[in-house]
Amino acid sequence: MKFNNMSSLGKLTKARYLSSVFSLLIMLASVAIIVTNGFNWGLDFTGGIVTEVKLDPSIKAAQISQVLGHDSKQEVSVISAGEPGRWVLRYAKVDSGASADIQSVLAPLTDNVEVLNSSIVGPQIGQELAEQGGLALLAAMLCILGYLSFRFEWRLASGALLALFHDVIFVLAFFSLTQMEFNLTILAAVLAILGYSLNDSIVIADRVREVLIAKPKMAIDEICSSAVKATFSRTMVTSGTTLFTVAALWIMGGTPLQGFSIAMFLGIMIGTISSISVGTCLPEYLKVSAEHYKVEPISDAP
Amino acid sequence: MREQKQTTILNHYSAWKYVLLVVTITVMLFSALPTFFGEDAAVQIAPEAELNVNPLELHQLLISHGIDLKRIDQSNGQTTVILADNAQQTQLKTLLSQQVKDPSKLTLTLAPAAPNWLLSLGFNPIKLGLDLRGGVQFLLDVEIEPVYKLHNNAFIEAVRQFVRQDSLFGVSVKQQVDGRVQIQTADLTQRAAIREFINKQYPNWQISNAGDKSLQVALSEAEKLNIRDLTVKQNLQIMRSRIEQLGITEAVVQRQGEHRIRIELPGVQDPAAAKSVIGATASLAFYQVKQAGSVNAQTLKDEHGQAVYVARRPVLGGEHIVDARATLGEMGLPEVVIHLDREGGSMMSDFSRDNIGKPMATSYSEYSRDENGQIRQSTEVISVATIQSQLGDRFSITGAGNYAQAQELALLLRAGSMTAPVTIVEERTIGPSLGEENITNGFSALALGMGVTLLFMGLWYRRLGWVANVALMANMILIFGLMALIPGAVLTLPGIAGLVLTVGMAVDTNVLIFERIKDKLKEGRSFAHAIDRGFDSAFSTIVDANFTTMITAVVLYAIGNGPIQGFALTLGLGLLTSMFTGIFASRALINWAYGRNFSRNVKV
């Protein structure tokens with residue numbers, strides 16, 4: 001079709017407004033969830049000992065927990081790791097008599113202990129990593145803010161930023177709600193979501209800017225809607241392929257990458273939605289117009 | 001003036017661009033290939049180990065013990081036994097240690113499994129992170145405070161001695177809680193005298209007046225930084241030499257941040273053994289050198305294995321050394337200046353007064369635990385020097401060789417004093433089976449993601465889809481090739497996740513271009529013109545969209561730790577290569593295939 005169908009654009013505009021309201025509600029809910037639930041911080045941030053072992057499948061979690069608790073004089077969480085006989089043992093404190101040699105600790109239960117992996121992180125390292133992580137998030141946000149305000153006018157950039165904030169807070173709220181472990185890999189995923197969420201918003205913002213310059217007379221809601229429409233099949237294809245591959249990672253990647261792929265999957269999905277909803281509606285609300293993208297005549301004065 | 005437009009041909013890339021493209025991808029393909037062959041676990045037997053059987057016998061012996069061998073290589077006296085089953089590496093080393101004179105010269109290593117012609121071109125497999133290979137990682141914290149304290153104590157002692165010598169009554173020297181030294185004097189002349197003494201003897205200390213009759217003295221910030229740097233470097237050096245004893249060729253000992261040391265030991269499964277080596281303590285002692293065959297003498301070996309006869313009891317031990325630094329002496333000759341504490345100074349003074357012109361030996365001992373938990377001591381004479389004059393608490397050793405050797409001696413001397421306690425603050429062990437599981441999982445996810453993406457792009461963009469698919473495959477070749485080429489690049493499990501993400505996102509560049517081409521076709525342009533305009537109009541969007549992800553990749557790399565850096569690396573590299581393949585390579589392909597197609601009703 002050569003000409004834009006105005007009534008379909010109108011419908012799209014309505015859909016954008018509706019989804020924006022929905023997105024705002026999600027944001028409020030997300031903040032509430034994070035504030036009330038907090039996070040289940042992983043070993044990377046809290047410090048402690050995590051050991052993954054393979055034992056005889058007949059041994060029960062309660063037995064392991066009792067033996068370990070008795071040895072280390074502290075609560076030891078014993079979590080099943082996917083297959084029978086595979087356990088993740090987590091101590092909160094590094095010292096306080098926790099024996100380093102898990103094989104001898106579990107000796108009363110079985111002789112056949114296979115240690116798959118173990119991590120011991122001192123509390124000060126955890127503290128530092130948490131600080132570094134926060135710093136990374138902040139630094140990335142600031143750099144992106146700088147780049148956006150350099151490339152786009154602030155009204156347009158604010159939409160992309162709100163969308164970005166929306167996506168990150170949503171993923172964080174998911175981890176807060178499910179109490180899935182929040183570790184360094186998840187932090188990396190959140191940072192990657194920062195990048196990808198902007199990806200969609202920028203492609204649409206680029207289009208908005210293009211249409212603004214090309215058709216300065218057009219109503220702003222129609223400009224946004226037509227930009228969304230023009231980029232829609234691109235948005236679907238790219239998000240689709242990325243979701244496919246992240247799903248592949250989720251299915252085949254195994255336990256270590258589970259949290260990462262879930263975070264990425266959610267982030268990319270919500271990022272696609274938000275780039276269409278709040279990403280375009282905020283600049284519209286702030287009344288972005290062709291005025292802001294007029295080419296400034298170069299003055300003759302030196 | 002002629003217009004630029006007329007001189008350029010639509011959709012035409014000159015021949016050199018095609019040559020560049022083909023050459024780049026071919027080189028990267030060769031660079032990527034060894035990675036797909038993987039690596040085999042191996043044990044290296046150095047010539048000094050003195051293998052007492054010939055390779056043929058060794059082969060039969062190992063097979064009879066159930067070792068699954070791939071081959072045995074021998075070159076320049078060095079024998080490498082390459083395994084077919086990576087899990088048998090430790091077992092193989094134990095078996096081999098019975099067949100050699102010196103088991104400490106056996107090293108665990110990895111041999112690339114790629115054919116020799118490929119390796120001889122200089123290409124090597126990608127280095128795998130510990131989470132994929134299995135192994136132990138330690139993070140050590142070097143405590144600097146005790147070192148400052150030692151410097152402070154020595155300084156206080158020196159000032160007190162000066163006060164006594166010059167009979168300055170009523171002067172008190174006190175250590176303060178904040179690490180500064182408070183000197184309370186009776187009058188201004190005293191203060192001036194002390195000030196002059198400090199300025200002359202301790203130029204690195206900062207003096208400030210506090211009240212009318214007292215001084216506050218502290219190590220200058222620059223000197224503190226210098227001390228910290230030297231201390232960490234010294235510990236780094238000690239750790240390197242200790243890790244060498246473990247016989248792991250790919251071990252990594254690196255400084256991390258201001259006062260941390262990261263040690264990675266691939267292939268090591270037992271952290272306890274590695275810990276005892278890392279936690280070994282060292283000490284240093286000065287001995288009087290005796291005549292060969294003397295009754296009251298013991299023999300120590302020097303670095304060349306030659307015997308040095310020394311007195312049974314040392315003159316003094318390394319615990320008295322406060323500092324040792326290499327400098328260029330008055331004659332321009334390198335020397336090592338040693339700074340002893342007061343007690344050590346008076347002991348050395350007494351000894352040297354009676355032994356001017358005689359040689360003195362310096363020995364370096366290390367105590368470590370062996371596999372059975374027994375403490376083992378190894379002592380080596382690191383220098384023999386002649387005493388020129390009576391020595392005090394500051395003296396220098398010359399004749400240590402060139403400046404680099406003097407620096408090394410200074411390092412060892414400081415190491416012997418072991419003033420900075422090192423604690424293990426992080427320890428991670430990844431079992432070999434888990435490492436292999438991670439590789440299998442990661443790469444099957446990559447294969448699945450890649451397969452689905454290729455299929456989808458082929459079906460969705462029919463005519464242009466194959467271009468995107470070729471670009472995507474070229475992209476993978478480039479990433480793998482670059483990872484293998486970049487020194488220090490390590491593939492980790494999150495790194496594989498980054499690769500999988502790249503597969504999904506790399507097609508974005510092509511999608512953006514193809515959608516633009518579609519738009520232009522809808523506007524009624526011919527295919528060739530649509531291609532030209534499509535690439536042009538998509539370019540700025542592509543750069544904008546990739547740039548923000550690049551920012552996060554850079555931030556992640558800058559502040560992340562090992563595995564996260566691996567993710568940032570593949571993510572960032574993937575962005576760069578996808579721009580190359582998505583814009584440049586696809587354009588080349590499309591120009592070649594459709595560049596002259598001016599028909600108007602094309603469906604893509």
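Taking trypsin sites (Lys or Arg not before Pro) in DSSP loop conformation with at most 14 other Cβ atoms inside 10 Å as exposed sites, chain B has its longest uninterrupted site-free stretch at B:313-595.
With the convex hull drawn over the C-alpha atoms of the protein assembly as shown, the volume per residue is 271 Å³. The alpha carbon centroids of the range A:3-63 and the range B:487-557 are separated by 27 Å. Every Cα-Cα pair of the range B:417-511 was included, and the share exceeding 22 Å stands at 46 percent. Residue-wise HN-Hα couplings along the range B:143-153, as the Karplus relation 6.51 cos²θ - 1.76 cosθ + 1.60 with θ = phi - 60° gives them from phi, are 8, 8, 3, x, 5, 4, 4, 4, 4, 4, 4 Hz; Gly and Pro carry x.
Sequence-ordered 3J(HN,Hα) estimates for the range B:104-110 from the Karplus curve with 6.51, -1.76 and 1.60 and θ = phi - 60° stand at 6, 8, 8, 10, 7, 8, 10 Hz, glycine and proline given as x.
How far is helix A:61-72 tilted, in degrees, relative to the longest principal axis of the Cα atoms in chain A, given as a value from 0 to 90 rounded to the nearest 10? Around 70 degrees separate the two axes.
Taking amide hydrogens as placed 1.01 Å from N in the peptide plane, the amide H of B:Lys127 sits under 5 Å from those of B:Leu491, each at least 5 positions away in sequence or on another chain.
Among A:Ile49, A:Ile268, A:Ile64, the residue with the largest mean-square fluctuation in a Gaussian network model of chain A, with springs joining Cα atoms closer than 10 Å, is A:Ile64. Run the reach check for A:Lys93 against lysines, Cα to Cα strictly under 28 Å, same-chain hits fewer than 8 apart removed. What comes back? Of all the lysines, those that pass the test against A:Lys93 - Cα under 28 Å, at least 8 places apart if same chain - are A:Lys54, A:Lys60, A:Lys73, B:Lys275.
Could you tell me how many degrees, from 0 to 90 and to the nearest 10, lie between the Cα long axis of helix B:342-354 and the main elongation axis, the longest principal axis, of the Cα atoms of chain B? Approximately 60 degrees, to the nearest 10. If you fit an axis through the alpha-carbon atoms of helix A:220-252 and take the longest principal axis of the Cα set of chain A, what angle between them do you get, 0 to 90°, nearest 10? Orientation of helix A:220-252: about 20 degrees from the principal axis. For the residues of B:564-572, the average number of beta carbons from a partner chain within 10 Å of their own beta carbon is 3. In percent, rounded to a whole number, the relative contact order of chain A is 25, using alpha-carbon pairs under 8 Å and six or more apart. If you sort the three axes of the alpha carbon gyration tensor as a ≥ b ≥ c, you get a/c of 1.5 or more for the range B:24-157 and a/b no higher than b/c, which makes it oblate. Between B:Ser349 and B:Gln78, residue separation times 0.36 nm minus the direct Cα-Cα distance comes to 92.5 nm. Shape call for the range B:145-222 from the C-alpha gyration tensor, a ≥ b ≥ c root eigenvalues: rounded (a/c under 1.5), prolate (a/b greater than b/c) or oblate? Prolate, because a/c is 1.5 or more and a/b exceeds b/c. Over the Cα atoms of chain B, each weighted equally, I'd like the Debye log10 I(q)/I(0) at q = 0.12 Å⁻¹, rounded to two decimals. Taking Cα atoms of chain B as identical point scatterers yields -1.19. Taking a ≥ b ≥ c as the square roots of the Cα gyration tensor eigenvalues, with a/c under 1.5 meaning rounded and otherwise prolate when a/b beats b/c, else oblate, which class fits the range B:39-113? Rounded, since a/c falls under 1.5. Measuring between their Cα centroids, the range A:191-255 and the range B:579-604 lie 23 Å from each other. Tell me the net charge near B:Phe547. Cut-off is 15 Å between Cβ atoms, B:Phe547 excluded, with +1 for each Lys or Arg and -1 for each Asp or Glu. Here the charged neighbours net out to -3. Among the chymotrypsin sites (Phe, Trp or Tyr not before Pro) within the range B:148-200, those in coil by DSSP and having at most 15 neighbouring Cβ atoms inside 10 Å are B:Phe169. Since only B:Thr379, B:Asn561, B:Ala186 are under comparison, the one whose Cα sits farthest along the positive direction of the charge dipole of the protein assembly as shown, derived from C-beta charges on Lys, Arg, Asp and Glu, is B:Asn561. Using amide H atoms built 1.01 Å from N in the peptide plane, name the residues 5+ places from B:Ser396, or on other chains, whose amide H lies under 5 Å from its own. Correct list: B:Ile338.
In straight-distance terms, cross-link reach from B:Lys174 covers every one of the lysines whose alpha-carbon lies under 18 Å from its own, apart from those fewer than eight places away in the same chain; here that gives B:Lys149, B:Lys213.
Please compare each pair in B:Lys17/B:Lys127; A:Lys11/B:Lys520; A:Lys215/B:Lys522; B:Lys101/B:Lys301; B:Lys200/B:Lys358; A:Lys14/A:Lys215 to a cut-off of 29 Å on the Cα-Cα distance and tell me which ones are over it.
In this structure, B:Lys17/B:Lys127; B:Lys200/B:Lys358 lie more than 29 Å apart at Cα.
For chain A, what value does the Rg/Rh ratio take when both radii are computed over Cα atoms and Rh is the Kirkwood radius, given to two decimals? Looking at chain A, the ratio lands at 1.13. Rounded to the nearest whole Hz, the Karplus-based 3J(HN,Hα) values (6.51 cos²θ - 1.76 cosθ + 1.60, θ = phi - 60°) of the range B:20-34 follow the sequence 4, 4, 5, 5, 4, 5, 5, 4, 5, 4, 4, 5, 7, 4, x, with x at glycine and proline. Note on the range A:48-121: Cα-Cα pairs beyond 22 Å make up 9% of the total pair count. Length gained on full extension, B:Ala311 to B:Thr398: 29.2 nm, using 0.36 nm per residue less the C-alpha separation.
We did not get these values from a lab; they are worked out from the coordinates using the rules stated. Remember, it's a predicted structure, so these values are computed and weren't measured experimentally. With ideal geometry, Cβ positions are generated from the backbone for all residues, glycine too; neighbour counts draw on all protein chains shown.
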